[in-house]
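The values are calculated or read from the model by the stated rules, or taken from the named source; none is laboratory data. Computed from a prediction, not measured in an experiment: that's the story for all the values here. Here the Cβ positions follow ideal geometry from the backbone for every residue, glycine too, while neighbour counts run over all protein chains shown.
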Amino acid sequence: MFLTFYILATAFPLYVKDAMHGNQQQMGLAITIYVIGGVIGRPFSGLWADRFGKKRMALIGLAVFLVACVAYFGAKGMALFLAVRLVHGISYAIASTASSAAATSLIPASRQGEGVGYFSMFMSIAMAVGPALGLFLWKDKNIDVLLLAVCVIAALSLAFALGMKVPERRQAKPGPAMEAANAPKGKRLHWSDVIEPKALPISIVGFVVSFAYSSLSGFFAAFTEEIHQSHVTALFFVVFAVMIVASRPVIGRVFDRYKEHYLYYPGIALFAVGMIALGQAHSAVAVLLTGAAMGIGYGALLPCFQTLAIKLAPEHRRGSATGTFFLMFDLGYGIGSYFMGMVASVSDYRMMYAAAGLIALLSVLFYVLLHHRRDSAALHAGKAHAKGA
């Protein structure tokens, strides 16, 4: 599922540019409209997963996901193309939230960091392999070949989901999700029914990081072409993926044994510095070195955020917590794609990557204010209470 997402996230902006003769803002819109669909579906996807079952919602989401992939064959005009992208984004939100929540229900509580780390590792591999595969499939600028490939991958995703055995845990106590499920028909949903408040602070930090990351998948191919290093475009994402996979076993164990701060601060430093350095790169070696640095950094950040969102929420709200995290993450990715396209259109890609690196560093402020300080205050309060007892 994630592989399909990243193949199209890379290839469709080029499709808009080459086949539809679109500009840089329209290239970004090919991603943004998809994410808008995700934003529409995310708030309810977690609630539905908690209410109707994770596997059932994953199957429904993946079925619509496949239908949307097939529908691209007939979406020749820009308006119809964007309409299909919107539906595709909604189905992606439902399927990814339900499948991610299903994964967390299979992991022992004592190994959440490690387990979610391995699950998100495959998301990260798709994130790295997908753009390279998307570029390969689009090299002859044949949209039918590209769409046939993503339809096959989407069908395989649905087939694998049919074989999932997900333990649907009973809710330990009534909560917002259960109350929403059993509420009278006339009762309005409260925002906390679909958004998990305890997962929101770390999800906001994820929003800022994904905002910065959007500059990679959507515009990296055009950037390497501009600096005459297009021969390393696919290899960059391979290096990115290798560093994520190589560091993942250590990252998961660090999260389970130590504080998440040991992952976040080094991770964001590597990611932000790598992004800024990418904007100054002139050679293939320099480009690949930034890919290695960002791979390690991003590989530490994504599972850290996702695990925290789940860990901070009640067990019966895991679906909503997962939906909240991905809602903010996708929102950052979508808005960032459009914003980065605007920056590139008024300046150049080097300035765009410099801006992306600075935005990534801005997440430190949000992390400290929304999570680190609260975590430290809770720890001190706990120690004071223990001394009093």
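Some points to look at:
- Flag if Met243 is assigned to a helix (DSSP H, G or I), buried (at least 18 other Cβ atoms within 10 Å of the Cβ) and without any contact (Cβ under 8 Å) to a residue 60 or more places away in the chain: yes
- Pairs linking a residue in the range 1-29 that is under 19 Å from Thr233 (Cβ atoms) to a residue that is of a type in the set (Lys, Arg) and assigned to a helix (DSSP H, G or I), with Cβ atoms under 6 Å and 6 or more positions apart or on different chains, are Met27/Lys17.
- Boolean, Ala71 is at pLDDT 80 or above, in a helix (DSSP H, G or I), out of contact with any helix residue (DSSP H, G or I) (no Cβ under 7 Å at 6 or more places or on another chain) and over 21 Å from Ala222 (Cα atoms): no
Yes/no per residue for (1) under 19 Å from the mean Cα position of the chain (by Cα); (2) crowded, with 20+ Cβ neighbours inside 10 Å; (3) not acidic (Asp, Glu):
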| site | (1), (2), (3) |
| --- | --- |
| Val250 | no, no, yes |
| Phe255 | no, yes, yes |
| Lys259 | no, no, yes |
| Leu270 | yes, yes, yes |
| Tyr298 | yes, yes, yes |
| Arg318 | yes, yes, yes |
| Met352 | no, yes, yes |
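- Counting only residues that are without any contact (Cβ under 8 Å) to a residue 40 or more places away in the chain and either within 22 Å of Arg373 (Cα to Cα) or of a type in the set (S, T, N, Q) (or both), the range 261-284 holds 4 of them.
- Picking from residues in the range 356-370 that are without any contact (Cβ under 8 Å) to a residue 24 or more places away in the chain and not β-branched (Val, Ile, Thr), the one that is surrounded by the fewest Cβ atoms within 10 Å (Cβ to Cβ) is Leu365.
- Complete set of residues in the range 117-156 that are hydroxyl-bearing (Ser, Thr, Tyr) and surrounded by fewer than 20 Cβ atoms within 10 Å (Cβ to Cβ): Tyr118
- Against the criterion of being under 24 Å from Tyr213 (Cβ atoms) and surrounded by fewer than 24 Cβ atoms within 10 Å (Cβ to Cβ), Pro43 qualifies.
- Inter-residue pairs, beta-carbon under 8 Å, first on the phi > 0 side of the Ramachandran plot and in the range 69-92, second surrounded by fewer than 21 Cβ atoms within 10 Å (Cβ to Cβ) and not polar (S, T, N, Q), 6+ apart: none
- Residue match in the range 88-97 (condition: among the small types (Gly, Ala, Ser), in a helix (DSSP H, G or I) and surrounded by fewer than 20 Cβ atoms within 10 Å (Cβ to Cβ)): no
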